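The block underneath contains the structure these notes are about, expressed in structure tokens.
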Amino acid sequence: MTDTPIRQRRLSLAPVRRLPSWAVLATGTLVGGLLGGAYGMATPPTYTATNYVIAVPTAKSGPDSALGFAQAYGRVATQLAVLGDAQVWAGVPVRTLQHSVRTATSPDAPMVAISATSSRSDLAVDMANAVSRALTRHADDSKGSTQVRLVQFSRAVKPTEPTSASSTVTALVGTSAGGLLCGLALLARPRRTGQDDDPAPAASVPGPAAAADVRGQR
């Protein structure tokens, strides 16, 4: 009674265990590639535009001060005070700017890179330039105390190619992931043993004739 569920489970896993390793690996690789390619085709491409501003010290400050304030302005650029003004020129809500705009600074140069990502290349340009414009105005309002002003180094230009991965790249990633997962599954697959695969022999009971012969010999 107790070995019935175990025997049923062994029988259900038997076809999987009998599959050759190359078939399992090839199937997983093919399925992973198809899923990766389908994801790349279903996901719309995204474009990224980048604007650069540079911190310039005044006569009462030095390069070190400009470098320090560039780091600070890089963090302020994505705050609500700046994005609230930028939304007017970008024509998108603040929430969209919060999800789409990123900044980067350099430890060696007083420069701030403002990047915006969107499914529309022209909108990515508008958002990057709008945030740059709003940040520059905020820096001008406080240059009397900071002795540093922001100057636009280069405007964002319309990107000609998407920055998101193409369907070919996602298909290759899916192929690699499918092959890797199937390889790990093969390593973890239980080994086939004669005890598990071969059914247990049924117990035999001697018939009446055989039993009578035994008694006669005695």
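Being surrounded by 16 or more Cβ atoms within 10 Å (Cβ to Cβ) and modelled with pLDDT of 75 or more is the filter here, so list the residues in segment 158-181 that pass it.
Result: P159, L172, V173, G174, T175, A177, G178, G179.
Among the residues in segment 194-203, are any surrounded by 11 or more Cβ atoms within 10 Å (Cβ to Cβ), farther than 27 Å from H99 by Cβ and modelled with pLDDT under 90?
Applying the first criterion (surrounded by 11 or more Cβ atoms within 10 Å (Cβ to Cβ)) to segment 194-203 yields 196-197.
With the extra rule that they be farther than 27 Å from H99 by Cβ, the set shrinks to 196-197.
Filter once more, keeping what is modelled with pLDDT under 90: 196-197.
Taking every residue of segment 194-203 in turn, at least one turns out to be surrounded by 11 or more Cβ atoms within 10 Å (Cβ to Cβ), farther than 27 Å from H99 by Cβ and modelled with pLDDT under 90.
Select from segment 69-106 the residues that are among the small types (G, A, S) and exposed (fewer than 15 other Cβ atoms within 10 Å of the Cβ) and write down the one among them that is nearest to D122 (Cα to Cα).
Taking segment 69-106 as the starting set, the residues that turn out to be among the small types (G, A, S) are 70, 72, 74, 77, 81, 84, 86, 90-91, 100, 104, 106.
Keeping just the survivors that are exposed (fewer than 15 other Cβ atoms within 10 Å of the Cβ) gives 81, 84, 91, 104, 106.
Working: A81: 24, G84: 20, G91: 12, A104: 21, S106: 27 Å.
Only one residue fits best here, namely G91.
Can you tell which of L150, L123 is surrounded by 15 or more Cβ atoms within 10 Å (Cβ to Cβ), under 18 Å from Y52 (Cα atoms), among the hydrophobic types (A, V, I, L, M, F, W, C) and without any contact (Cβ under 8 Å) to a residue 40 or more places away in the chain?
On the way: L150 fails: without any contact (Cβ under 8 Å) to a residue 40 or more places away in the chain.
On inspection, the qualifying residue turns out to be L123.
Would you mind telling me which numbered condition in (1) modelled with pLDDT of 90 or more; (2) of a type outside the set (K, R); (3) farther than 30 Å from T168 by Cα G68 fails?
(1)
Select, from P45, P63, the only residue that is at pLDDT below 90 and under 25 Å from the mean Cα position of the chain (by Cα). Spell out how you get there, then give the answer.
Values: P63 fails: under 25 Å from the mean Cα position of the chain (by Cα).
None of the others qualify; the one that does is P45.
Sort out which residues of segment 107-119 are surrounded by 12 or more Cβ atoms within 10 Å (Cβ to Cβ) and not hydrophobic (A, V, I, L, M, F, W, C), and write them in order of number.
Our first condition is that a residue be surrounded by 12 or more Cβ atoms within 10 Å (Cβ to Cβ); within segment 107-119, this holds for 109-119.
Matches in segment 107-119: P110, S115, T117, S118, S119.
Would segment 150-165 turn up any residue that is part of a helix (DSSP H, G or I) and of a type outside the set (A, V, I, L, M, F, W, C)?
no
The values are calculated or read from the model by the stated rules, or taken from the named source; none is laboratory data. Fair warning: this is a prediction, and the values are worked out from it, not measured in the lab. Counting neighbours? That spans all protein chains shown, and the Cβs are built from the backbone with ideal geometry, glycine included.
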